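Structure, as structure tokens:
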């Protein structure tokens, strides 16, 4: 008799590994334009497509005319500009475990525009960290533009540029730390402390129309939720006993139009209703004609 053995421990381990791998694929490419690829943690490069997932250790790469929009499971969103490389170093988000949140990415090249999600706003407030060759950035819930210049930004000096649209960030390097508030722009040069700039030197960018604006989906979802929760206005009905239903209202004689100002027309109407017009003089009664013979 042949004996069949089951390998439950091995099967369980494989299932756990599969679930873990699925759980940490927490970035999804939602829109792209031009050349975009993903370099996996093992070094293999794959062409990107809408719906592709990004896990810790992966690097998202855009070509000379490439743009890509990515959403994370904590609600954060980011759009990469052309000639950019973003490596997702660490990502950990569980809705029921806020103290275990972690998001670390490295902007190796190029730049992005991002709006942050729940990581860094709850539980561990130092869980969010963005790194560049010259700076480390922490946030408390914000939207900002980031650009890394490495002799490829025209007249702009090398370093990291940060423009905060709303919220606030803190940027630092070995030489110092700088808080940057909404409407402010900072520059973190190599080997020198961060400094505030008097104005935006032009680090922003305009993605093509196929790339939705950040937070656009959330705004549409919020509007749809409000519309679904708002009851329709009650139908208007006539007061009891008035006898003025829709048919009666539609049969009323419309007001006469006038080219005169409204106040003048109303004044004339009120005066004509207050003083009734004099009755016309009746013609004299006619009797039989009389003639003298």
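Structure notes:
- A simple packing score, the average count of other Cβ atoms within 10 Å per residue, orders the peptides 111-123, 151-163 as 111-123, 151-163, with the highest score first.
- Relative to the current alpha-carbon distance between residue 37 and residue 90, full extension at 0.36 nm per residue lengthens the span by 17.2 nm.
We did not get these values from a lab; they are worked out from the coordinates using the rules stated. Bear in mind the structure is a predicted one, so any value in this text is a computation, not a measurement. Please note: Cβ atoms are built from the backbone with ideal geometry, for glycine as well, and neighbour counts cover all protein chains shown.
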